1. Here is a check on your reading of the model: is Lys112 surrounded by 13 or more Cβ atoms within 10 Å (Cβ to Cβ) and free of Cβ contacts under 8 Å to residues at least 12 places away in the same chain?
2. Please specify each residue of the stretch 80-109 satisfying the condition of being in contact with a helix residue (DSSP H, G or I) (Cβ under 7 Å, 6 or more places away or on another chain), of a type outside the set (Gly, Ala, Ser) and surrounded by 17 or more Cβ atoms within 10 Å (Cβ to Cβ).
3. So, in the stretch 22-37, of the ones that are loosely packed, with under 12 Cβ neighbours inside 10 Å and charged (D, E, K, R), which residue ends up nearest to the chain's Cα centre (by Cα)?
4. Name the strands (runs of 3 or more DSSP E) wholly within the stretch 1-86 that hold at least 3 residues that are in contact with a Leu (Cβ under 7 Å, 6 or more places away or on another chain) and of a type in the set (Gly, Ala, Ser)?
Amino acid sequence: MFNVKIVTPEGIKEDIDARYVEFTTIDGSIGVLQDRLPIVAKLKFAPLKIISKDEKKLVYAVLGGLVDMDGKNFTVLTTEALKPDEIDVESARKAVEKAEEQLKKSDDFMQKTKLKSEIQRNMTKIDIANTK
C-alpha cells in the first residue's frame, strides 16, 4: 500500500492508503502500485481512480495539475478535484453549450484554445458524474 493525497487550493481533498491508482497524463494513461519508480507528470482533465486498501473504489474528476509518485507516496496537485456527487451536471452542460456557441463565432486562436479547454473540463465533469 501507499499513501494518496489530493491537494487543491482549498487544502487536502483526500488522504487515503491505496492499493492502486489510475490516472491520465498528457502522454497517456498510467496505473500505479506500491514501490513504483518515481514519476512526476502533468495531468489531463480526466478521471483519477483509486482503489483503497479496503478495496473501496473512489473516482475524482481531476481537472489538470501534477502528479508526484515516489513509490510510497502519491500526491496530486490540482486546481480542482470533484467526486461524482459534487458535480452539478446541469451547470456543466450549460457551460459546454455556451462554450460551443462561442467557439463557432470566434476567429481568435487563443480564445478558441480556451473555449476548447472549457469544453473538455466540463465534459470530464459530466463523464465522472455519470459514474455515480
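1. Yes; evaluated as a whole, the condition is true for this residue.
2. Leu82, Pro84, Ile87, Val96
3. Asp27
4. Here the list reads 57-69.
FYI, it's all coordinate maths here, none of it is from the lab. Worth saying up front: this structure is predicted, and the values here are computed from it rather than measured. Backbone-built Cβ (ideal geometry, glycine too); neighbour counts: all protein chains shown.
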